Amino acid sequence: GGVGILPNGRSITPAGDQVPAGLLPGNMVITPDGKTLIVSNNGHRNHSLTLIDTAQKTVRQTIPAPDGALFYGLAIASDGATFYAAGGGAAKIYEYAIAQDGTAALARTIEATGGYPTGLALSRDGQTLYATHYSIGAVAAYDLAAGAQKVTGTAGKYPFGVALSADGASLYVSNWGQKKAGADATVSILYA
């Protein structure tokens, strides 16, 4: 009857249509044409990416994490042909090519230097990928043509998400912080 039971035993009646994505969906992006929703599943095990057909409201494809690890970050190119997923503890960023049929395949792996990548954002020209490096309090810029890290800037304690300003000049970084270490949650603003 549309009622679901939460792990704590409480019932919930969600609005709208429900499409199972995977264990602990942590983030999602939609292709520019609106036809595919990409979900990063970051649960205890079996990390994966789920591609959902938005018109049919069905799972088009489930892609296991190449090294068994994903963490929150997703970014999609403005042309909708490529997307990126943060590899978290694997210290990698995965680049996927999206085919005409809406499925995706791993195109390459970019090694992350110093800490594991969390949040991702693409520059307006699509040439630079920014990644928060959660474990070292930094944001790195990756040259996508070279497939390599080009610069790292300092953020706050445990940077998580990153967003590029509308004019492409600034990065906004959410820092989780850690009270016991004397670091409150903050937002860092960096020049892109």
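Go through segment 62-94 and give me each residue that's more than 20 Å from Ile52 (Cβ to Cβ) and part of a strand (DSSP E or B). Of everything in segment 62-94, those that are more than 20 Å from Ile52 (Cβ to Cβ) and part of a strand (DSSP E or B) turn out to be Lys92, Ile93. Note on segment 140-192: residues that are under 17 Å from Leu122 (Cα atoms) and among the aromatic types (Phe, Trp, Tyr) total 4. Every residue in segment 62-93 that is small (Gly, Ala, Ser) and buried (at least 21 other Cβ atoms within 10 Å of the Cβ), please. Within segment 62-93, Ala65, Gly73, Ala75, Ala85, Ala86, Gly87, Gly88, Ala90 qualify. Going by the structure shown, is Pro32 part of a loop (DSSP other than H, G, I, E, B), touching a residue at least 24 places away in the same chain (Cβ under 8 Å) and either on the phi > 0 side of the Ramachandran plot or of a type outside the set (Asp, Glu) (or both)? In short, yes.
Residues are listed down the side, and each one gets a yes or a no for (1) more than 19 Å from the chain's Cα centre (by Cα); (2) open to solvent by 20 Å² or more (accessible area, probe 1.4 Å):
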site: Ala141; (1), (2): no, no
site: Ala145; (1), (2): yes, yes
site: Ala148; (1), (2): no, yes
site: Thr152; (1), (2): no, yes
site: Phe160; (1), (2): no, yes
site: Asp167; (1), (2): yes, yes
site: Val173; (1), (2): no, no
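For segment 44-61, the candidate set comprises residues that are assigned to a loop (DSSP other than H, G, I, E, B) and within 24 Å of Val162 (Cα to Cα); within that set, the residue that is most open to solvent (accessible area, probe 1.4 Å) is His44.
The values are calculated or read from the model by the stated rules, or taken from the named source; none is laboratory data. What you see is a predicted model, and the numbers here were worked out from it, not measured in a lab. Virtual Cβ from ideal backbone geometry, glycine too; neighbours counted across all protein chains shown. Accessible surface is based on the protein model in full, side chains and every heavy atom, while ligands, DNA and RNA are left aside. Shrake-Rupley method; radii C 1.70, N 1.55, O 1.52, S 1.80 Å.
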